[in-house]
Amino acid sequence: MPHKSRGQASSMSRYNSIVILTGAGLSAESGLHTFRDKDGIWAKYDYREVATPEGYKRNPKLVLQFYNERRKQNADVQPNAAHLALARLEAEYPGGVLIVTQNIDPLHEMAGSKKLVHMHGEIMKALCAACATRHALHDDITLKSVCPSCGRTGVLRPDVVWFGELPYEMERIYRAILGCDLFISIGTSGTVYPAAGFVEEALRVGAHTVELNLEPSHGISRFIDAIHGPATEVVPAYVERLLKRARS
Ligand code: NAD
Ligand code: APR
């Protein structure tokens, strides 16, 4: 049973602008591994080998294999009740709702979310390291793959932001956070920056901050409110509460 961990739920009945940061924990119940849980991806792979530009330079074949494998796992997963609840919130909430996801899977889109930023990129897309164009991906990327734009061979990489690289759409993300009055963090350990610092920015502008996570994250002290439990339980319940309060 999910339990309310701390803090006072904000008395606000209606928010003007909600920013929702999501992480791997949101997709866990859809069958995708997280990164830092006991059976996480970084328990099996050294992130320096497969999720850094240096690793790609050293051994592109290994990196392409790693992401081709993960893309196959992503191909047959379905959004869970938490993804669907977030899509419902965007469709029905009177205020603005923006999802900023660290996830590279397509589950938010499949659930119907439209206002969405993939700050770490998308595993179902390829990026050309030569001409920087991005392309929908239908099969594995190999060293023989040809960029559909510039026609070069062996220059395609997964369209995924690696450690040490700049995330996508940071200006849009910061503008949204600095204009929000509710910041919700779901399914993220709060260990990777700059995403882990977003809650600080939200507090700075007086937003109400809520963590919905299986267990307290590294950033828990910066959340005014927190409800801990599986996302498929705590997220739909929280969305229902937000919608009910907005209708009252
Ligand atoms: P960071 O400082 O934001 O956090 C990750 C750091 O924590 C790593 O640099 C590493 O020092 C440590 N770390 C994380 N997982 C680890 C593990 N399993 N074992 C040992 N150490 C581990 O990372 P950064 O290097 O400063 O890079 C930040 C940039 O990279 C940001 O732009 C972020 O969005 C991006 N990023 C992307 C991915 C990805 O896989 N898409 C992963 C992490 C960071
Ligand atoms: N429901 C809710 N939360 C869950 C669930 C669940 N069913 N299962 C796990 N969690 C929580 C864990 O408690 C943990 O706090 O999700 C979080 C997952 O944390 P990480 O594995 O660190 O994933 P994330 O925070 O998304 O990682 C951030 O690091 O390696 C990079 O690019 C990668 O985007 C990723 C970034």
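At 222 nm, what helix-only mean residue ellipticity would the chain give, in deg cm²/dmol to the nearest 500, using -39500 (n - 2.57) for each DSSP H run of four or more? For the chain, the value works out to -9500 deg cm²/dmol.
Take the Cβ-Cβ distance between Leu166 and Ala91 as r, set R0 to 35 Å, and report the resulting FRET efficiency rounded to the nearest 0.05.
0.65
By a straight-distance test (C-alpha under 26 Å), which lysines pair with Lys44 as possible cross-link partners, with residues fewer than eight away in the same chain excluded? Here the lysines satisfying the reach criterion relative to Lys44 are Lys57, Lys61, Lys72, Lys125.
Here is the list for region 120-207: GluC sites (Glu not before Pro) lying in DSSP coil, each with at most 16 other C-beta atoms within 10 angstrom of its C-beta, are Glu165, Glu169. Summing charges over neighbours of Phe163, with a neighbour being any other residue whose Cβ is under 13 Å away from its Cβ, gives -3 when K and R count +1 and D and E count -1.
Partnerless cysteines in the chain, where a partner means another cysteine C-beta under 4.7 angstrom, comprise Cys180.
Using R₀ = 22 Å, calculate the FRET efficiency as 1/(1 + (r/R₀)^6) where r is the Cβ-Cβ separation of Arg134 and Tyr193; round to 0.05.
Efficiency computed from Cβ-Cβ geometry: 0.40.
When peptides 221-233, 21-33 are ranked by their average number of other Cβ atoms within 10 Å per residue, the highest-first order is 21-33, 221-233. Is the shape of the chain rounded, prolate or oblate, going by the alpha carbon gyration tensor and its root eigenvalues a ≥ b ≥ c, with a/c under 1.5 for rounded and a/b larger than b/c for prolate? Judged from the Cα gyration tensor, the chain comes out prolate (a/c at least 1.5, a/b above b/c).
Here the Gaussian network model covers the chain, with springs between Cα atoms less than 10 Å apart; of Leu127, Leu214, Leu166, Leu166 fluctuates the most.
For region 181-243, rounded, prolate or oblate, judged on the Cα gyration tensor with a ≥ b ≥ c (square roots of eigenvalues), a/c < 1.5 rounded, else prolate if a/b > b/c? Judged from the Cα gyration tensor, region 181-243 comes out oblate (a/c at least 1.5, b/c at or above a/b).
Extension gain for Arg247 to Tyr174 (0.36 nm times residue separation, less C-alpha to C-alpha distance): 23.4 nm.
Values in this text are rule-based calculations from the coordinates and carry no lab data. A quick note: this is a predicted structure, and the numbers were derived from the prediction, not measured. Cβ sites come from the backbone with ideal geometry, for glycine too, and all protein chains shown count toward neighbours.
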